[in-house]
Amino acid sequence: MSYKMTRDIIKNSLVQKIEELSGQNVFDCYQCGNCSSGCPVVDYMDIMPNQVLRLAQLGATEDILNSETIWICSACLQCSTRCPKGVEVAKVMEALRSINLRKRIGTLDPKKIEIEDLQNLPPIALVGAFRKLTG
Ligand code: SF4
Ligand code: SF4
């Protein structure tokens, strides 16, 4: 896949929001791959953690927000402790989940969640939704 690079795309408003919420500079990442090699659930992700950072650097934020990776991430912090550049990747993942959830409206009644959904949804997705959509 090819990506068009312009100043506006690279530093778009969503990249700025990711940096604002996470407190991280995505451009500090130099793609060593340490975060992905230590991630315990990387085999289940469609985009590896280092690729999340690269796509953010390219301004391809919609690709990240639509990925399964941000919901597979279990927020274990392994990536953050392994990064030689001090990038707290787990905070970037949390920021991406927050941005995704903020785009949604509605409420969530825990008693009305289908048993099948409880069995299949990633736990981090439920935790995020409980934070956002319950009183
Ligand atoms: S915080 Fe998420 S991305 Fe980082 S190592 Fe843990 S599961 Fe992987
Ligand atoms: S460990 Fe840090 S520098 Fe290396 S790829 Fe991951 S975020 Fe980038």
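The values are calculated or read from the model by the stated rules, or taken from the named source; none is laboratory data. Since this is a predicted model, take the numbers as computed values, not measurements. All Cβ positions, even for glycine, are placed from backbone atoms using ideal geometry, and neighbour counts span all protein chains on display. Remember, those area values only see protein heavy atoms, side chains included, never the ligands or the DNA or RNA. Shrake-Rupley method; radii C 1.70, N 1.55, O 1.52, S 1.80 Å.
Remarks
- Entirely in the range 14-132, the helices (runs of 4 or more DSSP H) that have 3 or more residues that are open to solvent by less than 60 Å² (accessible area, probe 1.4 Å) and either touching a residue at least 40 places away in the same chain (Cβ under 8 Å) or closer than 29 Å to Lys4 by Cβ (or both): 34-38, 49-57, 61-65, 69-72, 89-102
- When restricted to residues that are over 16 Å from Gln57 (Cβ atoms) and more than 9 Å from ligand 1 (Cβ to nearest atom), the range 92-103 contains 7.
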